[in-house]
Amino acid sequence: MAHWKLQEEVGSGSPRARARTAYLDVLVPRMKGSVQNALAESPDRTDITVVVLGEIGEDGLRAVAPGKKFGQVKQDAGLKVVQVLVDLYGDRAVWTYRGSKGKVSTRPVPVNGPQWLARYTPHKVEQAAVIDRVLLDACAVGHAIGGGPDLDFFRDLRDWRGDHLVSIADGAYAELVQGLLDPKGIESGLWIAIVQALKDVLDPEMPIAPGGLELAALAGLVEAPLDLGQMRAYYKALWSQVAAVQASGDLDREYEYTEPGGRRKLLPALRQANVQVFKDEADRWGASMDALGAAVKGINLPNDVLRERLVEYNRRNLTATMGIAQLDKIDLALRVLANRALQAAGDYQPEGANDPFDFALLFGIPLPAVICTRDGGLLARVAEAQSHDGWKVMTPVEVLAWLRTGQRPVR
């Protein structure tokens, strides 16, 4: 399975590799300028090699080494680009896309790229971008179905969050409401204690993070109209509605709120709305898994090869609405989906809406955010996906350690 590896481990800047590309040193000043301009324009891009070599041009490369085969010059120029990245940002900030056996994993050059380049190796620079938000999964908030909430965690999260904002994930909100609806779920006295503990933790402007198209637009994954004022008012109202639940009857009351322009809006009663949401999500996910399982079944390829093909297939299907940098931001979600497709061709049978809500959580990572969960199944699926963003799905203990030290969890 292909995945991102640090240049610290890859070693493209080794003395041997640099000796191989020494004849291209004359291009280094120009490459550095191209790299810096490209990353200033789009810090998350992974097609830096395409941009740099496109600016140098075919004639420019041929002129540097007229006696060498051009195919070799192109390969060496690609290697030179990553050496320039390492020189500029260090080998602990530069990531390269590698196959499971350590070999480079290439992608086709986009149709608007240089026609004389066919494929390129993706690289990315993890600059000091701050993760803005911690998204709480339902079991990180409620944790009542099976043991009770860890109210100390909320206190520690308040004390250690620093400048990080904290929100309940959109799907997690629906699962919390379901926990309140379930007679064996979160009892009202416990819920009141949870709400009180969260009062000084949640982002007052966005206590619940958006989902769907609003989340995609907020994370910069797609271009879509987004009224931040209306969005914040809606999600603040959702939290106010569920936070006010103290008895079963509160689940059957509508909730009125005011939009920024003064317009009055009415939220449906929690019981009515949530039952429909859970049914719709379960139906959609079940149909999707049936279709994916049927499409994969019978393809005679090793699972690791087929998994990579599925990831690339999904990436290609999304290129109409997302750029390469945006697709890399949802790498974890694409890999979890590919694994689920393989499982759907076997004996995987989705039950209820838990899986689609867990899957939706992963789309919060590009905000940028980390996910806090106690869900062992979700953590296992994330580990199985082997994505460069897998570390961003953490247990409460790992989240607190990360907030204190800035160090990623070691697993």
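Every read-out reported here was derived from the displayed coordinates using simple, explicitly stated rules and does not represent laboratory data. Source: prediction; values computed, not measured. Heads up, the Cβs are rebuilt from the backbone with ideal geometry, glycines too, and the neighbour counts pull from every protein chain shown.
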Once you have a ≥ b ≥ c as the square roots of the Cα gyration tensor eigenvalues for segment 3-125, tell me rounded if a/c is under 1.5, and otherwise prolate or oblate according to whether a/b is larger than b/c.
rounded
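Rounded to the nearest 20 debye, what is the charge dipole size of the chain about its Cα centre when +1 sits on each Lys and Arg Cβ and -1 on each Asp and Glu Cβ? Walk me through the numbers before you get to the answer.
Numbers: 48 positive and 52 negative charges, 374 e Å.
With only Lys, Arg, Asp and Glu charged at Cβ, the dipole is about 1800 debye.
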Whole-Hz Karplus couplings 3J(HN,Hα) for segment 116-121, θ = phi - 60° and coefficients 6.51, -1.76, 1.60, Gly and Pro as x, run 7, 10, 9, 9, 8, 8
How large is the helix-only mean residue ellipticity at 222 nm for the chain, computed as the sum of -39500 (n - 2.57) over DSSP H runs with n ≥ 4, divided by its residue count, in deg cm²/dmol to the nearest 500?
-16000 deg cm²/dmol
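Need one word for segment 307-411: rounded, prolate or oblate. Basis is the Cα gyration tensor (sqrt eigenvalues a ≥ b ≥ c); a/c below 1.5 gives rounded, then a/b vs b/c decides. Walk me through the numbers before you get to the answer.
Numbers: a/c = 2.04, a/b = 1.29, b/c = 1.59.
It is oblate, given that a/c is not under 1.5 and a/b is not larger than b/c.
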Could you give the length gained on full extension between E8 and W160, defined as 0.36 nm per residue of separation minus the Cα-Cα distance, in nm?
51.7 nm
If the label point is 7 Å along Cα→Cβ of A294, which residues in segment 315-334 have backbone nitrogen under 11 Å from it?
none
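Determine the percent antiparallel among the DSSP beta bridges restricted to the chain, to the nearest 5.
Details: 14 of 26 bridges.
Within the chain, antiparallel bridges account for around 55 percent of the total.
What ranking do 17-26, 152-161 get when scored by the average of other Cβ atoms within 10 Å per residue, highest first?
152-161, 17-26
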Output the peptides 246-257, 354-365, 208-219 sorted from most to least packed, where packing is the average of other Cβ atoms within 10 Å over each peptide's residues.
354-365, 208-219, 246-257
Considering every pair of different Cα atoms, what Kirkwood radius, in Å, is found for segment 153-203?
12.0
³J(HN,Hα) computed for each position of segment 225-240 - Karplus, 6.51 cos²θ - 1.76 cosθ + 1.60, integer Hz, glycine/proline x:
x, 9, 8, 4, x, 5, 4, 5, 4, 5, 6, 5, 5, 4, 5, 4
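In what sequence, highest mean first, do 309-316, 80-87 appear when ranked by Cβ atoms within 10 angstrom?
Values: 309-316: 16.6, 80-87: 23.9.
Going by the mean number of other Cβ atoms within 10 Å, highest first, we get 80-87, 309-316.
What percentage of all Cα-Cα pairs in the chain are separated by more than 29 Å?
Working: 43153 of 84255 pairs.
Distances greater than 29 Å cover 51 percent of the Cα pairs.
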Hey, how many Å between the Cα centroid of segment 336-371 and the Cα centroid of segment 158-195?
21
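After finding the eigenvalues of the alpha carbon gyration tensor for segment 207-276, what semi-axes result from the square roots of 5 times each, listed largest first in whole Å? Before the final figure, lay out the partial values.
On the way: eigenvalues 124, 41, 19 Å².
Equivalent-ellipsoid dimensions as semi-axes: 25, 14, 10 Å.
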What is the set of long-range amide H partners of D389 at a cut-off below 5 Å, with H atoms built 1.01 Å from backbone N?
L332
Sequence-distant or interchain residues sharing an amide H contact under 5 Å with D44, placed H: which?
none
Computed ³J(HN,Hα) along segment 198-204: with the Karplus parameters 6.51/-1.76/1.60, θ = phi - 60°, integer Hz and x for glycine or proline, the list is 7, 4, 9, 10, 6, 4, x
